[in-house]
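Peer 1: Sharing a structure here in structure tokens format.
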Amino acid sequence: MTDATSFSDIQPEFESRVRRIVWCTVATVDTRGRPRVRIVHPVWEGPIAYICTGRHSIKEKHLAKNPFVALSYWDPQHQQVYAECRCQWVDDVAEKTRIWELFKSHPHPYGYDPAMFWNGGPASDDFGVMRCDPWCITLHSMSWTGSLTSRSVVQFSKTVWRPN
């Protein structure tokens with residue numbers, strides 16, 4: 001395992017992975033303490049993830065009770081990104097508008113126009129933005145030589161970044 005001392009140490013590889021993989025799972029904890037997982041489409045701004053979602057979705061109840069989530073990206077080459085985060089709702093209309101435009105500014109498939117889902121615009125009551133601030137981001141990779149059916153050598157690499 002390698003410890004990254006700065007987000008800039010992992011940023012190029014991190015951004016390459018999240019932009020290529022695009023979709024990830026997010027795990028929340030429900031009001032009874034049980035995990036709940038679903039697929040989401042975050043856009044990252046440096047080490048901060050933003051997720052557009054229904055403001056009054058089930059996630060609202062989950063985050064009110066427990067603001068911690070885990071994001072997990074995986075691809076068939078076994079390159080993974082894990083981000084453990086504390087979330088908060090962005091309710092300021094100016095900031096929601098800025099995030100709306102951030103999503104639109106990136107090319108498809110990483111970016112998209114939120115109006116596809118929220119035609120009321122960024123000021124609408126049903127449009128929500130989750131801000132996810134990580135306390136840990138892990139880049140994990142697995143590779144092997146040979147075929148999976150024969151003897152092969154499996155190699156793992158793991159780089160972990162934690163903000164101060």
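The values are calculated or read from the model by the stated rules, or taken from the named source; none is laboratory data. Just so it is clear, the structure is predicted and the values come from calculations on it, not from any experiment. Backbone-built Cβ (ideal geometry, glycine too); neighbour counts: all protein chains shown.
Every residue, every condition in (1) of a type in the set (A, V, I, L, M, F, W, C); (2) under 28 Å from ILE58 (Cα atoms); (3) surrounded by 14 or more Cβ atoms within 10 Å (Cβ to Cβ), yes or no:
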position: LYS104; (1), (2), (3): no, yes, no
position: PRO109; (1), (2), (3): no, yes, no
position: ALA123; (1), (2), (3): yes, yes, no
position: GLY128; (1), (2), (3): no, yes, yes
position: PRO134; (1), (2), (3): no, yes, yes
position: SER141; (1), (2), (3): no, no, yes
position: SER152; (1), (2), (3): no, no, no
position: SER157; (1), (2), (3): no, no, no
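Peer 1: Pairs only if they're at least six apart or on different chains, beta carbon under 7 angstrom, first in region 87-104 and assigned to a helix (DSSP H, G or I), second acidic (Asp, Glu) and surrounded by fewer than 19 Cβ atoms within 10 Å (Cβ to Cβ); list them, first residue then second.
Peer 2: Every condition considered, the pairs that remain are LEU102/GLU45; LYS104/ASP113.
Peer 1: Can you pull out every residue in region 116-164 that is at pLDDT 85 or above, of a type outside the set (D, E, K, R) and not in a strand (DSSP E or B)?
Peer 2: Of the residues in region 116-164, the ones at pLDDT 85 or above are 116-142, 156-163.
Those left that are additionally of a type outside the set (D, E, K, R): 116-124, 127-130, 132, 134-142, 156-157, 159-161, 163.
If the condition is that a residue be at pLDDT 85 or above, of a type outside the set (D, E, K, R) and not in a strand (DSSP E or B), then MET116, PHE117, TRP118, ASN119, GLY120, GLY121, PRO122, ALA123, SER124, PRO163 are the ones that fit.
Every residue, every condition in (1) out of contact with any Leu (no Cβ under 6 Å at 6 or more places or on another chain); (2) hydrophobic (A, V, I, L, M, F, W, C); (3) farther than 30 Å from TRP144 by Cα; (4) surrounded by fewer than 12 Cβ atoms within 10 Å (Cβ to Cβ), yes or no:
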position	(1), (2), (3), (4)
VAL29	yes, yes, yes, no
HIS78	yes, no, no, no
ARG86	yes, no, yes, no
ALA94	yes, yes, yes, yes
ALA115	yes, yes, yes, no
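Peer 1: Another question about this same structure. So, in region 60-76, of the ones that are surrounded by 18 or more Cβ atoms within 10 Å (Cβ to Cβ) and not aromatic (Phe, Trp, Tyr), which residue ends up nearest to ILE21 (Cα to Cα)?
Peer 2: Kept after step one, since they are surrounded by 18 or more Cβ atoms within 10 Å (Cβ to Cβ), are these residues of region 60-76: 62-63, 69-71, 73.
Within this subset, residues satisfying the condition of being not aromatic (Phe, Trp, Tyr) are 62-63, 69-71.
Values: HIS62: 26, LEU63: 25, VAL69: 19, ALA70: 16, LEU71: 13 Å.
By that ranking, first place goes to LEU71.
Peer 1: Report, ordered by the first and then the second residue, all pairs with beta carbons closer than 7 Å, sequence separation of six or more or different chains, a first member in region 64-83 that is aliphatic (A, V, I, L, M), and a second member that is not in a strand (DSSP E or B).
Peer 2: LEU71/PRO42; VAL81/PHE14; VAL81/ARG17; VAL81/VAL18
Peer 1: Here's another thing I want to ask about it. Tell me which residues, restricted to region 39-59, are part of a strand (DSSP E or B) and either at pLDDT below 95 or exposed (fewer than 13 other Cβ atoms within 10 Å of the Cβ) (or both). Outline the logic, then answer.
Peer 2: If we filter region 39-59 for residues that are part of a strand (DSSP E or B), which is where we start, we get 39-40, 43-45, 48-54.
The answer is ILE39, GLU45.
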